[in-house]
Amino acid sequence: MTWRLVSASEVGTSHEQTATPCQDSCWAQSDQLADGGPLLSIFVADGAGSAAKGGEGAELAIEAAAAFIAKKVKLGEFGLSDTLATDIVLAIRERIYAAADAANLKARDFACTFLGVLSSAYGTLVLQIGDGGVVLDTGNGLEVAVVPMSGEFVNMTHFVTDEDAVTLLETKMWPDRALKVAAFTDGIQRLALNLATNTPHEPFFTPFFNGMAKASAEQEDLLQGLLAKFLGSAPVNERTDDDKTLALALWVA
Amino acid sequence: MSDQISFETNDFASNPEPRCPCILLLDVSGSMNGRPLDELNAGLSTFRDDMSADSLAMKRVEVGIVTFGPVKIETPFTSASTFYPPTLTSQGDTPTGAAILQALNMVEDRKRDYKANGVSYYRPWVFLITDGKPTDAWKAAADAIREGEAGKKFAFFAIGVQGADMDTLRQISVREPLSLQGLKFRELFSWLSSSLRSVSKSTPGTEVPLEAPKGWASV
């Protein structure tokens with residue numbers, strides 16, 4: 001029993017026009033905890049378009065978060081708490097500040113958002129700085145974890161590199177394991193959420209979770225390609241010209 | 001044999017497009033009579049034409065026009081797609097202060113509408129074009145602009161047409177006012193529409209650097 005995972009990032013059409021690479025990054029993994037049970041980790045990050053190294057910042061953020069969790073898993077038992085969320089953010093900032101120093105740049109040049117989901121038999125933790133969103137189901141149906149974070153204006157948001165990142169950090173916890181998880185960057189946000197009510201647009205998610213549920217073992221390898229194809233498809237590109245990332249997990253008993 | 005798996009969907013949430021509001025605050029005092037006003041009217045048509053070449057901007061940009069004086073809401077906020085420029089005629093004096101306060105109120109009202117309807121938006125622009133000297137008390141308007149700019153509530157731009165009192169404009173606008181070269185309203189409005197077009201497409205984290213005003217402003 002574990003999670004079935006699929007994730008992909010695709011470049012936005014506006015980036016293709018200006019030959020800018022995709023500045024989103026993502027990660028989805030299931031690890032084995034000391035007690036034998038699985039731990040889900042999903043991370044997505046969106047590099048700021050205004051930052052010279054936003055895309056690299058997003059990659060570094062994901063790497064740092066993954067390395068931090070790998071270390072925790074190795075050391076044994078740990079709690080899914082606010083403290084853990086803060087420690088992840090601090091680890092990311094340390095990595096980005098070091099990279100900025102080494103390149104003689106400012107951390108601001110590596111600005112990116114960061115969203116994370118950690119889940120085990122003991123509960124689920126969501127952490128978020130900036131826009132994009134996490135939709136999950138821990139047994140009570142799909143819900144939006146954290147209200148997408150943007151400033152007053154649509155082209156403003158918060159970044160993990162902001163001075164007050166730890167204060168800006170939003171976390172939410174559930175006592176149960178996540179059965180369905182979708183984490184996405186802001187390129188997908190307007191397609192997947194009803195922004196007026198901050199609720200998931202359920203029909204958006206249905207094909208993904210249905211497809212993942214019925215995929216046979218041989219088909220599992222195809223999922224990533226199908227997701228990438230969807231993210232680059234015309235109906236999606238008609239709605240958004242931004243980079244887009246979608247990371248999905250489905251608990252298969 | 002297992003079923004085909006498809007991740008295809010085009011059932012998306014129907015969220016409104018984010019909006020990019022812009023108010024044109026236009027001086028139609030007596031001194032604008034004749035060629036200046038003809039060129040301003042031609043400029044508004046250019047603005048409409050340039051904007052209509054861009055389908056996304058047509059959905060996102062909203063235009064409102066306040067004329068003075070007397071202060072009048074010539075066009076309430078209207079989507080660029082349904083914006084047909086009025087033909088302005090010259091009228092009375094130059095109550096710049098009252099006109100500015102009217103425009104700033106419209107901006108705040110519009111933001112309230114957006115919020116109530118779950119519409120996200122870009123920072124509003126207020127664009128003042130005048131050829132004279134305020135004939136009313138403008139200090140309160142200048143204070144409101146300073147406060148709004150400091151709180152990043154909107155961006156206020158002032159353009160002086162020949163004869164404008166640039167010293168007063170400098171005290172009203174936080175940003176350095178620009179002088180229109182001759183009657184190059186068409187060039188000015190081309191620049192405005194292209195700036196609005198790039199702002200209305202920017203994504204989070206992107207401060208859009210404004211293109212330098214070329215071909216219409218004199219230094």
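Here are the numbers for the structure shown:
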read-out: So B:VAL66, is it within 14 Å of chain A (Cβ to nearest Cβ) and of a type in the set (Val, Ile, Thr); value: no
read-out: Where a residue in the range B:1-20 is closer than 13 Å to B:ARG60 by Cα and its partner, wherever it lies, is at pLDDT 85 or above and acidic (Asp, Glu), with Cβ under 6 Å and at least six apart; value: B:ARG19/B:GLU62
read-out: The range A:119-130: number of residues that are open to solvent by less than 10 Å² (accessible area, probe 1.4 Å) and either closer than 18 Å to A:VAL166 by Cα or at pLDDT below 95 (or both); value: 6
read-out: Filter result for B:ALA57 (open to solvent by less than 60 Å² (accessible area, probe 1.4 Å), of a type in the set (A, V, I, L, M) and within 13 Å of chain A (Cβ to nearest Cβ)); value: yes
read-out: Unmet requirement for A:GLY76, which otherwise passes all of (1) open to solvent by 40 Å² or more (accessible area, probe 1.4 Å); (2) out of contact with any strand residue (DSSP E or B) (no Cβ under 9 Å at 6 or more places or on another chain); (3) not hydroxyl-bearing (Ser, Thr, Tyr); value: (1)
read-out: Residue, farthest from the other protein chains (Cβ to nearest Cβ), within the range B:1-39, restricted to residues that are open to solvent by 50 Å² or more (accessible area, probe 1.4 Å), at pLDDT 85 or above and in a loop (DSSP other than H, G, I, E, B); value: B:ASN33
read-out: Residues of the range A:224-241 that turn out to be facing chain B (nearest Cβ under 7 Å) and open to solvent by less than 10 Å² (accessible area, probe 1.4 Å), as a count; value: 2
read-out: Criterion: small (Gly, Ala, Ser), in a strand (DSSP E or B) and surrounded by fewer than 24 Cβ atoms within 10 Å (Cβ to Cβ) - qualifying residue of A:ALA85, A:ALA98, A:ALA52, A:ALA28; value: A:ALA28
read-out: Residues being charged (D, E, K, R) and touching a residue at least 40 places away in the same chain (Cβ under 8 Å) - total across the range A:194-250; value: 7
read-out: Selected residue (criterion: nearest to the other protein chains (Cβ to nearest Cβ)) from residues of the range A:135-180 that are of a type in the set (Gly, Ala, Ser), more than 23 Å from A:SER120 (Cα to Cα) and crowded, with 16+ Cβ neighbours inside 10 Å; value: A:SER150
read-out: Any hit, the range A:189-206, residues being more than 10 Å from chain B (Cβ to nearest Cβ), at pLDDT 90 or above and either over 21 Å from A:LEU40 (Cβ atoms) or open to solvent by less than 20 Å² (accessible area, probe 1.4 Å) (or both); value: no
read-out: Candidates A:ALA213, A:ALA247, filtered to the one that is open to solvent by 30 Å² or more (accessible area, probe 1.4 Å) and small (Gly, Ala, Ser); value: A:ALA213
read-out: Whichever residue in the range B:106-144 is basic (Lys, Arg) and assigned to a helix (DSSP H, G or I) and, among such residues, is farthest from the other protein chains (Cβ to nearest Cβ); value: B:LYS139
read-out: Test for B:LYS201: is it in contact with a Gly (Cβ under 9 Å, 6 or more places away or on another chain), closer than 30 Å to A:VAL160 by Cα, within 14 Å of chain A (Cβ to nearest Cβ) and part of a loop (DSSP other than H, G, I, E, B); value: no
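Rundown of residues vs (1) in contact (Cβ under 8 Å) with a residue 40 or more places away in the chain; (2) within 15 Å of the chain's Cα centre (by Cα); (3) surrounded by fewer than 22 Cβ atoms within 10 Å (Cβ to Cβ), yes/no style:
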residue	(1), (2), (3)
B:MET106	yes, yes, yes
B:LYS115	no, no, yes
B:PRO134	yes, no, no
B:ALA141	yes, no, no
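The values are calculated or read from the model by the stated rules, or taken from the named source; none is laboratory data. Remember, it's a predicted structure, so these values are computed and weren't measured experimentally. Note that each Cβ is placed from the backbone with ideal geometry, even for glycine, and that neighbours are counted across all protein chains shown. Ligands, DNA and RNA are stripped out before the accessible areas are found, and what is left, the full protein with its side chains, is counted by its heavy atoms. Shrake-Rupley method; radii C 1.70, N 1.55, O 1.52, S 1.80 Å.
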